[in-house]
Amino acid sequence: MEKNQDQNQINTFAEILRFAKDRKGKFVSSVILSVIGVLFGMVPYLSAAKIIAAFYNEEATLQLILTWGGIAILAYILKGIFTTSSTCRSHEGAFAVIKNIRAEVIAKMERVPMGVMIDTPTGALKTLVVDVTDKIEKPLAHMLPEMTSNILIPLIMLVVLFVLDWRLALTTLSVIPIGFIIFCGQMIGYKVKSKRFADANDAMNSSIIEYVTGIEVIKAFNQSASSYGKYTKATKNFRDTTLDWWKGCWFFSAFGNTIISSTLLVTLPVGAFLFMKGQIDFATFITCVTIAFGIVGPILLASSYAESFTSVALAVKQIRSFLDQDELIRPEQRVEFSNNQFSFKDVKFGYGEKEILHGINLETVPKGVTAIVGPSGGGKSTIAKLMAGFWDINSGSLTYGGQPMSKIPIEQMIAEISYVAQDNYLFDRTIMENIRMGRPEASDEEVIETAKAAGCHDFIMNLDKGYQTMVGDAGGKLSGGERQRITIARAMMKKASVVILDEATAYADPENEALVQQSINKLVAGKTLIVIAHRLSTIKNADKIVVVEDGNIIAEGKQDELLQSCPLYKKMWENHMAAAVVA
């Protein structure tokens, strides 16, 4: 167990140095400067010992006092200079580590399957990128240089004590191991308690984000009490978990500090006894007592960083756990496509152990419209997301343009597809910037022409600032239908061969549905269209309609064929028409 703990510490430092990259030299120089600073910090203790000894031996003179006093002052100044330089360098290194960690985590988010991002609560991701990473900065900026120097300095001072008198050295050393043994009591139940703490922290962050994000729904449905209760329960659990961990450490921390700080209780009487017996002179006695008094500070500081190291180790473990997630492995060599068709052959797919698709077979219509319909939860959107390359299939074969999806470079696949979902995200930027994201090099005139084609130019111009209107967080300043048309305009900006619409008209009211449908028709002109639809009237003229139920394809064909051969589709159509009449 001790070996594993040592290995974990080594791995933690190795990870930190890996994240430091070209800034490793900052940490090395910081440690060296810190050691020099602490050494200068010990000089005043020796100066005091020299002055006291001079008074005792009746050898004190003004020149001696001024000389050793000046040395002490100079040492303090040099300590400040070296310590400040060390801190500056360690902070530069720490901020570089933080930047590199966040860059790696964000880059990892782009490479992992979309399922990982969907299944991981937003609060947990925010905690990882912001809170967990922030926990590293302060300990790292101080721990490496100060802990190293505060460990080396006591060792040097012990060597000096042994040179002066081995008996007083052993006396001073006797209480330190006892104190550290008591300190080790803080590690009782560490693995369990640290995991509980991390889980409680993630749960609290997730509940906060959920509560704030969903406040409109909470109030609309009068769920304030239950939702606030969930938030309160999460925060109380975090408080109780934290206090439980701290309470288990307080006694051992206080008692260990007391024991380590008691060096003088042993060294002073033993030194006095040896001096009275004439076995050491007064200069040696007062120097050893001064060193014994001064050795306590660095040791306590070094021991205080044990908790900081624990915090860093836990944070690095959480970060490493995310970075070790399986990625979508794709080659870099571009491939040639024979057409714009997706082909599923006995494809099975599931999230974790739950299988969603059960051996489906499907071919989309190249440069035509393939509609996928069926009851909610049947696997329609899953099929669309597999086409978009969000996940790898579990088994079977999935190809695009005659090439296996696993052999197509991610960048090439992204360039081929425009994916529009019902809850497509808008950034808190201007409408102009959100549309231009489809093709960053597009001019303002091209953006406006695209917006006109998407049927959203008129409502944009009715806004106070037109195309320069900020859409708000996640597009919150626009209605659902307006956001949908902006996302369609963004997709139109992209010169993609395939357009996947996942419930793209879900937010359109009956009055705007025709406008949205016109926008879609312009968007997909001459392209392959895959559409997931719940409003069957929008896909009645599709080249192929695929009916999905419980992860299986139960029928496919044109509208007239399915009305005759598929009872489920016929029932869905009748329900849709009845609802349209009522509306």
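The values are calculated or read from the model by the stated rules, or taken from the named source; none is laboratory data. As the structure is a prediction and not an experimental result, all values here were calculated from the model. With ideal geometry, Cβ positions are generated from the backbone for all residues, glycine too; neighbour counts draw on all protein chains shown. Quick note on the areas: whole protein, heavy atoms, side chains included, nothing else; ligands and nucleic acids left out. Shrake-Rupley method; radii C 1.70, N 1.55, O 1.52, S 1.80 Å.
A few comments on the model shown:
- In the set (1) surrounded by 22 or more Cβ atoms within 10 Å (Cβ to Cβ); (2) under 13 Å from residue 305 (Cβ atoms), the condition left unmet by residue 161 is number (2).
- Hits in the stretch 417-432 - residues which are touching a Ser or Thr at 6+ places or on another chain (Cβ under 9 Å) and either closer than 17 Å to residue 345 by Cβ or open to solvent by 30 Å² or more (accessible area, probe 1.4 Å) (or both): 422, 424, 425
- Listing of strands (runs of 3 or more DSSP E) fully contained in the stretch 322-378 that carry 2 or more residues being open to solvent by 60 Å² or more (accessible area, probe 1.4 Å) and within 18 Å of residue 530 (Cβ to Cβ): 354-363
- Residue satisfying condition, being over 30 Å from residue 160 (Cβ atoms), at pLDDT below 85 and of a type in the set (A, V, I, L, M), within set 49, 14, 103, 60: 14
- If only residues of the stretch 521-574 that are among the basic types (Lys, Arg), open to solvent by 80 Å² or more (accessible area, probe 1.4 Å) and not in a helix (DSSP H, G or I) are counted, the one that is modelled with the highest pLDDT is 558.
- Residue among 52, 101 that alone is touching a residue at least 24 places away in the same chain (Cβ under 8 Å), over 28 Å from residue 295 (Cα atoms) and surrounded by 15 or more Cβ atoms within 10 Å (Cβ to Cβ): 101
- For the stretch 140-149, the set of residues classified as open to solvent by less than 10 Å² (accessible area, probe 1.4 Å) and under 10 Å from residue 305 (Cβ atoms) consists of 143 only.
- Residue in the stretch 254-268 that is open to solvent by 50 Å² or more (accessible area, probe 1.4 Å), outside any loop (DSSP other than H, G, I, E, B) and out of contact with any helix residue (DSSP H, G or I) (no Cβ under 9 Å at 6 or more places or on another chain) present: yes
- Residue in the stretch 115-124 that is under 29 Å from residue 326 (Cβ atoms), part of a helix (DSSP H, G or I), open to solvent by 20 Å² or more (accessible area, probe 1.4 Å) and of a type in the set (Gly, Ala, Ser) present: yes
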